[in-house]
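Down below is the structure, laid out as structure tokens.
The values are calculated or read from the model by the stated rules, or taken from the named source; none is laboratory data. If you're wondering where the values come from, they're calculated on a predicted model, not measured in any experiment. Neighbour counts are summed over all protein chains in view; Cβ atoms, including those assigned to glycine, are modelled from backbone coordinates with ideal geometry.
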Amino acid sequence: MPPIWKPRSAETDGVPEVHLRPQAEKDLRRIGPGPERKRILAGLARLADNEPTLDVKVIVSAAGWRRLRIGTYRVCYRSATTTTASGELAVAYVVERIVHRRDFDAAAAHLSAPDGHLSILSCRIPS
């Protein structure tokens, strides 16, 4: 199966990486091919570029988490620090869920408190 999302390297671009947790990958596969999926992938690329025009809000019920609105879908993510291959700290975004707006409240209720540092074992980076 081809990779769903390949993050850019923070070492080469100087922009944050976007990591998809396994549940987010599953959510993206469930959406299937089509315009919605393309729009979500474009939104994730814009998140990595830190575009100021994104519709991002803090999730009040889950401290440390944010939601990105992309059409009728919501991306639940948080920022974390990660260590690069050269040993430097870099910022990364960890996407936990990609859900339809009707399922957002239930998904947000299950978000855990972030620990601040991204464990490489906690996320799969599709290659």
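Summary table below
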{"read-out": "Selected residue (criterion: farthest from residue 28 (Cα to Cα)) from residues of the stretch 57-74 that are in contact with a helix residue (DSSP H, G or I) (Cβ under 8 Å, 6 or more places away or on another chain) and touching a residue at least 40 places away in the same chain (Cβ under 8 Å)", "value": "61"}
{"read-out": "Selection from the stretch 19-38 of residues that are under 14 Å from the mean Cα position of the chain (by Cα) and touching a residue at least 24 places away in the same chain (Cβ under 8 Å)", "value": "19, 20, 21, 22, 23, 24, 25, 27, 28"}
{"read-out": "Qualifying positions in the stretch 94-127 - at pLDDT 90 or above, under 13 Å from the mean Cα position of the chain (by Cα) and not β-branched (Val, Ile, Thr)", "value": "96, 97"}
{"read-out": "Any hit, the stretch 40-52, residues being of a type outside the set (A, V, I, L, M) and modelled with pLDDT of 90 or more", "value": "yes"}
{"read-out": "Qualifying positions in the stretch 16-41 - within 12 Å of residue 68 (Cα to Cα) and of a type in the set (Gly, Ala, Ser)", "value": "none"}
